[in-house]
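One structure is given here, and the rest of the page talks about it.
The values are calculated or read from the model by the stated rules, or taken from the named source; none is laboratory data. Just so we're clear, the structure is a prediction, and the values are computed from it rather than from any experiment. Methodologically, a virtual Cβ is constructed for each residue, glycine included, from the backbone with ideal geometry; neighbour enumeration extends over all protein chains shown. The accessibility values were calculated without ligands, DNA or RNA, using every heavy atom of the protein model including side chains. Shrake-Rupley method; radii C 1.70, N 1.55, O 1.52, S 1.80 Å.
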Amino acid sequence: MAMPIIAQPPETARIAPQDGSPSHRDGPQRRELRKRGLLIAPVVLTIGCFLALPMAIILTYSFLVPATYGGVRWEFSLEAYRQFLFDRDFIDETLIFNSAYLEIFSRSLVLAIFSMVACLLIGFPTAYFIATRPGATRTYWVFLITLPFWTNLLIRTYCVLLILREEGLINNTLIWLGVLDKPIIMMYTNFSMGMGLVYSYLPFMVLPLYANLEKLDFRLIEAAHDLYATRWRVLRWVILPHARPGITAGCLLVFIPSLGTFLAPDLLGGGKRLMIGNLIQLQFGSSRNWPFGAASAVILLVAIMMVLILYARHAARHGESRG
Amino acid sequence: MALLYAPVVILVVFSFNANRAVTIWAGFSLDWYVRAAANSGLQKAALNSLIVGIVATVCATAMATAAALATSRGQRFRGINALYALISMPMMIPEIVIAVGTLSFFALAGIRLGLVNVIIAHTVFCIPFAYLPIRARLEVMDKRLEEAASDLYASAWQSFRLITLPLLMPGIVSGAMLAFIISIDDYIITSMVAGAGAGTLPIYVYTQLRLGVTPEINAISTVLLAISILFVAASHLVGSYGLARTRSGSVRHTG
């Protein structure tokens, strides 16, 4: 009857809900599980209903036909995905390869990689600097780094605009100093968008890097120096291998939001250089082609999932080699 | 560091500028603040932001606390990784995709409740931000205190009410503050979900930016900035104060 629970290894006794087995139905474990189920249910229901379900709807919409005034008609079609790659000729319906959307996608990819690399180049020295400060002041530095991160993304992007525009800070200063006689145009270029992204997501890079470097045993660096290692060799063979998990995590955290960015290209790119995020917004907004917007969203999601899977594999491999 | 702060400093400095040009200094003035405060469209947007922020924060924090309690106490259970994945989903999916997804969902379900739509959307993406600090706090808490309480015949509710909840409070407060900041700051999702009249502050700022750059935006931005900084600083203080108190508390108990 009541199985000798005590004799069982405690994990198996507690974890498994043992579905339907009557002997457990009103045992304390069962009650405990029910209680925990009740505690988890609101989160699962909310995210499931208002996030997972919408994602499923987007997937479904990407296979439907657009209705005239936004929304969809319930007819299966691959038209939306076709539109991503090909134009259909008006007269004889032949497919002509069209690289415009592919260009938007690869432009987003290049920009995301650029912001990732730039964040790494700026973020690594910063994180290293913080990690080498004496204990008590470190929290203070981390706080200073995270502070801009909690200010509005829109406002941060706007700040970049104030600096880069024609009568902005850089141009005004350079003209005042007499270095330039007319302003350099930095706005509405790939450079301004990249700057916007770097400024938006830099803390995402610094924090994981810092978390990693903080744990580095600095005696190792001293030891390396004692053994006549050059600075470059210390960086290459001592610091970098140690910081690798932080580097991958930071890169991921910068890359993903950069790829789907909307505000930076919208405000700093002048809306002329579409990124995939703007493309999606446009299709759901003024272009009123929801299925195409949904298909673009699915393509973006798939790209991000591939990156995440690569990351998980990479993390698993390194976990194994260490353990 | 300079790179991080220079833009913000410029923003604040020029919000006090007497001149109309956003980046040419012409003397100190509070004009733009007065103008911003008198603007009725802005007042409406600020009120919306406040309502959405508070309601979404309360809902998200309550749910996140419950979930954190269930995931950090007792044995690990099957499917916990799936649960973690689900909770972190709002952080992993690009905002623009969440935005169009939520828009399609509301359109399909025919839910047109104005602000309520916005509140629901905000609650969803606030959950992970509230959840993480609470779980972190639960993990550093001394479980023996709860065990001691139940050894002393406290009921589950009593031990939660008198032991767990007070100790967990700093985590809950910092989680709630982060959720509030995230909600106040969101632009993309709100812009997709909000109908006419349900616009929040960022939406207002964005519309103004589209019309042209004026120092009034600097003034509004500075106020938003001040709110964010206050909240984050407070959350930081509460977190470290709470931790210090528990630490000294446990020292007193053992000593």
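Worth pointing out:
- Using a Förster distance of 35 Å, the FRET efficiency for B:VAL223-A:ALA136 (Cβ separation, nearest 0.05): 0.60
- Sequence-ordered 3J(HN,Hα) estimates for the range B:52-62 from the Karplus curve with 6.51, -1.76 and 1.60 and θ = phi - 60° stand at 4, x, 5, 5, 4, 4, 4, 4, 4, 5, 4 Hz, glycine and proline given as x.
- Under a 5 Å amide H cut-off, with hydrogens placed 1.01 Å from N, A:VAL65 pairs with A:ARG73, A:GLU75 among residues at least 5 apart or on other chains.
- Here r is the Cβ-Cβ distance between B:ARG161 and B:ILE80 and R0 is 22 Å; the resulting FRET efficiency, rounded to 0.05, is 0.25.
- B:LEU108-A:ARG317 pseudo-label distance in nm [points 7 Å out on the Cα-to-Cβ vector]: 3.7 nm
- With a Förster radius of 41 Å applied to the C-beta separation of B:LEU237 and A:ARG288, the computed FRET efficiency comes to 0.25.
- Of the whole protein surface, A:ARG244 contributes about 120 Å² of accessible area at a 1.4 Å probe radius.
- On full extension, the segment bounded by B:MET91 and B:LYS143 gains 15.8 nm, given 0.36 nm per residue less the C-alpha separation.
- Between the amide H of A:PHE86 and those of A:ASN98, distances stay under 5 Å, these residues lying 5 or more places away or on another chain, with hydrogens modeled in the peptide plane.
- Largest-first ordering by accessible area, 1.4 Å probe, given options B:ASP185, A:ASP87: A:ASP87, B:ASP185
- Computing Rg and the Kirkwood Rh from the Cα coordinates of the range A:106-288 gives a ratio, Rg/Rh, of 1.06.
- Partner chain coverage, peptide A:54-62 - average Cβ within 10 angstrom: 6
- Other protein chain C-beta atoms within 10 Å of residue C-beta, averaged over A:295-301: 3.
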